[in-house]
Amino acid sequence: MEPIVALERIAYLLEREQASTYRVQAFRKAADALRARTAELPRTTAGIAALPGLGPKTAEVVSAARAGEVPGYLAELEARAAAPLAELDAAGAALHAALRGDCHLHSDWSDGGSPIETMARAARDLGHAWVVLTDHSPRLTVARGLSAERLREQLAVVAEVNRRLAPFRLLTGIECDILDDGSLDQEDELLAELDVVVASVHSKLRMASGPMTRRLVNAVRNPLVDVLGHCTGRLVAPGDGVRGGGKERPESVFDAAEVFAACAEHRTAVEINSRPERLDPPHRLLRQAEQAGCLFALDTDAHAPGQLGWQEYGCARAARAGVPPRRVITTWTADQLLDWTRTGRLPQERG
Ligand SMILES: [Zn+2]
Ligand SMILES: [Zn+2]
């Protein structure tokens, strides 16, 4: 095993189990340091540990990998990773097996931690056929939201990644802020060019129910919008390694019957956000959306490669709410998905 591969695999597995960013970064930085190095490595573990970007723990991994052994720390993590993240019943396992893609993930172009291609490769290695890159829109400056100009630049990069990773498909997209009146934080013309538009509320989450309902309904009936992201905006389960971890936030208040009816009518998918600190929508609303006949996007909202496996959490929740896999757009093929975003047609309605 190559030392760089071992270090990156450790970082990935740490992310998967929600280790702190600080711990994960130690392994990624060590991998980067080795990649940048042209000279041969020192012979002893202590010598490696003294190199810039490395330390005792990462040097131990490098030494073991170089000697042809599986590093002990990696073996420990692999053993833990053999167990599923979430307990899945038969329906949850079937849904998980049926997943082909993910409609919500971020790269280091906005507030993610990894390059576009690293995210795409990790998704492919996980068994996905396609994923949608959805970096933030301009107004979300804290998350380095992309201006129209940067998003256009990104489209060229995505095309390049697709040439390298085919037949895997990286679809173009955005997580677009829903502004106070329900309009969108990006040029219509550009949104229309993208494969998938996820629209989410990231500001004024405490708006009164009336205006919040109008805001969400306006967004989901916009023909440019395909998915309503994390609809309540709540934060639960304070955790250490996850974004927003440690903070709690109550649900936004809105008329769920009206919003989900609009989603069903306009065939905008309700996102089941799998992030452990979000678990959005909560169970009762997920049930309500299911009964309203909504489509669903089972997404990770991953900000790092190791978080792409978090769909298991969403599957457990979707199954408990009785969501049928055929209404989950992330079980569709890329062609079925694109036909739906362009024409509104469901796979079973195609000729
Ligand atoms: Zn978001
Ligand atoms: Zn997001």
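The values are calculated or read from the model by the stated rules, or taken from the named source; none is laboratory data. Worth saying up front: this structure is predicted, and the values here are computed from it rather than measured. Neighbour counts are summed over all protein chains in view; Cβ atoms, including those assigned to glycine, are modelled from backbone coordinates with ideal geometry.
Per-structure values
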item	result
Scan of the stretch 140-163 for residues that are surrounded by 15 or more Cβ atoms within 10 Å (Cβ to Cβ) and at pLDDT below 95, ordered by number	140, 143, 144
Index of the failed condition, residue 57 passing every other in (1) of a type in the set (Lys, Arg); (2) modelled with pLDDT under 95; (3) surrounded by 15 or more Cβ atoms within 10 Å (Cβ to Cβ)	(2)
Subset of the stretch 2-27 that is without any contact (Cβ under 8 Å) to a residue 60 or more places away in the chain and either buried (at least 20 other Cβ atoms within 10 Å of the Cβ) or small (Gly, Ala, Ser) (or both) - its residue that is farthest from residue 312 (Cα to Cα)	26
Helices (runs of 4 or more DSSP H) enclosed by the stretch 30-84 - at least 2 residues per element that are out of contact with any helix residue (DSSP H, G or I) (no Cβ under 9 Å at 6 or more places or on another chain)	72-81
Boolean, residue 267 is under 27 Å from residue 248 (Cβ atoms), over 21 Å from the mean Cα position of the chain (by Cα) and of a type in the set (Lys, Arg)	no
Subset of the stretch 187-213 (residues that are closer than 18 Å to residue 268 by Cα and either among the small types (Gly, Ala, Ser) or crowded, with 18+ Cβ neighbours inside 10 Å (or both))	191, 192, 194, 195, 196, 197, 198, 199, 200, 201, 212, 213
Some residue of the stretch 105-117 being away from ligand 1 (no atom under 14 Å from the Cβ) and assigned to a strand (DSSP E or B)	no
Residues of the stretch 111-139 classified as within 22 Å of residue 199 (Cβ to Cβ) and surrounded by fewer than 23 Cβ atoms within 10 Å (Cβ to Cβ), total	4
